[in-house]
Amino acid sequence: MDTLTWQPNAYSISLVLLGILTIAGASIASQRRSNPSAVWLAWLMVAISIWSLGYALEIAFGDLPLQVWMAKIEYLGIVSVPFFWFLFAMEYTGRGNILRQKKLGWLAVFPLVTLAMTWSNEVHHLIWTYTGQVEYNGIRFFTVEHGAYYWVHVLYSYLLILTGSILFLQQAFKKRKSHRAQAIAILVAVTITWGGNILYHTPFNPFPYLDLTSFAMSTTGLVLIFSLLRVGPLDLFPVVGENILERMNDGVLVVDDRDRVLYANHTFRRYANIWPETPTGKLLDDALENWPNFAETFKDVSNIRTEVRIAPDPITNLYFDLRISPILNHNRRPVGRVFVLHDVSERKQAEMRLTSPEETPDETLTIQALETSIPFILLIRENDARIVEINRAFVLGIGQPRSALTGRSLAELGLWNEGEQTDFLNQIQKEGLLENWPIRLYRKIGPPLDLNVTARRLEIGGENFIAWIAWERQEKQR
């Protein structure tokens, strides 16, 4: 029996280290399963690690048969990377619904065919027409001449990588200024990916016979993990999640436990006169410089409902119903706060114009009219379906006090059929996002509420929640 030839070198050691890091990255991403894009990123990292570790062993072995075998193992990762890159790009840029609606699972057929062709290459030689070795700097590298089908595989892979790259670039240029670091990271990741591929398939490779693509993809994966899955806007508000909050008539501001702004929707930025710029990433004091006393007044307040008056200029007074609620992790430890501002200026002005108590009923009607245009907003803990936070519109619509609603599930309250609640929870756990899901809530007083719900799974402080926004169906509103 021939002795195994082992040729340890800096290249293989580097690839082993990169492979270990990408496995760790996959583990980190898999812990963010409430974010669908993180699931595909985890699979992308797994594919990259197979590629990296396989190539590390290929150039560590000096025997041609073992190098051929390891090259075939690498193809498990090689054919998967473009596929998962494309799926990750689609989900991250808010196009996950297209994947589910169009049933794009057929895209996996081509990688499987390529894998079968590689493992049976000795029969047809359509992947490699020649396999051999060349010695360079004391290392025997595996070298091949590619067959016709290999170039078909390259074309298909480049098409998926190019599509994903375009989606990432579009998203990078649409990022707000406060998210510029993430945008730059995306651009760096795309550049590294294409740089490694181009060098491998052209004569400009500075390391002849060394495939730089696996190095490039490993580095790309680590850049994405570091920049996109760190605690920040992606964890709390994925692209679609932001779109839901942007449609609210109430102003919403989210800060972390250090009073760093994580998110402010369009309405809040308009109220605070910081439109079109965004305050994300700034400390609360700096972000609300137009409201100099606001941050100081509510600096250590985590749970309150009150009315505030803000004077943006000497002749204008704005009145808001302010609700501040804590964001708690699974250990009930505060990890941030949510500020919700509802403009009640019209109501307050009407109150100041009232001169007799007989006009009080009209005031009540005015409040109701203001509230009916506002959607219902709920934040529900996923593991027990209990309500964590609700907006004022939901309280008024259901006709029960906030204290009676929070801390219990809709089914426990008798508002929602338990079977329908279970079906909803199973579907949101499966899909991650539901749009226009019809539900009926049964109030103690008054007719049932027929709603269309748009819901999204979120991870906040390491715990999974479901955020949903609901409107009465049009036929009920007429």
Among the residues listed as L283, L288, the single one being more than 19 Å from the chain's Cα centre (by Cα), modelled with pLDDT of 75 or more and surrounded by fewer than 21 Cβ atoms within 10 Å (Cβ to Cβ): L283
Being within 19 Å of A38 (Cβ to Cβ), at pLDDT 90 or above and not small (G, A, S) is the requirement here; does F86 meet it? yes
Going through segment 252-270 in order, the residues found to be in a strand (DSSP E or B) and touching a residue at least 24 places away in the same chain (Cβ under 8 Å) are V252, L253, V254, V255, D256, R260, V261, L262, Y263
So in segment 194-212, with the set limited to residues that are surrounded by 16 or more Cβ atoms within 10 Å (Cβ to Cβ) and touching a residue at least 40 places away in the same chain (Cβ under 8 Å), which one is nearest to G54 (Cα to Cα)? D211
Please indicate, with yes or no, whether at least one residue in segment 8-27 is under 23 Å from L433 (Cβ atoms) and either in the same structural domain as Y92 (by TED's automatic domain parsing) or in contact with an Asp or Glu (Cβ under 6 Å, 6 or more places away or on another chain) (or both). yes
With the checklist (1) over 30 Å from I428 (Cα atoms); (2) surrounded by fewer than 22 Cβ atoms within 10 Å (Cβ to Cβ) in hand, flag the one item I59 doesn't pass. (2)
Anything in segment 38-75 that is among the acidic types (D, E) and farther than 18 Å from F207 by Cβ? List them, or say none. D63
Is there any pair with a first residue in segment 59-72 that is closer than 15 Å to I127 by Cβ and a second that is at pLDDT 90 or above and surrounded by fewer than 19 Cβ atoms within 10 Å (Cβ to Cβ) whose Cβ atoms are under 7 Å apart and which are 6 or more apart or on different chains, and what are they? V68/T131; K72/W119
Only residues that are aromatic (F, W, Y) and outside any helix (DSSP H, G or I): list them for segment 18-74, please. F61
Consider only pairs whose beta carbons are under 6 Å apart and that are at least six residues apart or on different chains; among these, list those whose first residue lies in segment 138-157 and is closer than 17 Å to G77 by Cα and whose second residue is among the polar types (S, T, N, Q) and surrounded by 15 or more Cβ atoms within 10 Å (Cβ to Cβ). H153/T114
Among the residues of segment 214-228, are any farther than 30 Å from F141 by Cα, within 18 Å of the chain's Cα centre (by Cα), at pLDDT below 70 and not polar (S, T, N, Q)? yes
Unique residue being in contact with a Phe, Trp or Tyr (Cβ under 6 Å, 6 or more places away or on another chain), loosely packed, with under 14 Cβ neighbours inside 10 Å and not acidic (D, E) when the list is P401, P438, P448: P448
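The values are calculated or read from the model by the stated rules, or taken from the named source; none is laboratory data. All of these numbers come straight from a predicted model, not from anything done at the bench. Neighbour counts run over all protein chains shown; Cβ positions are idealised from the backbone, glycine included.
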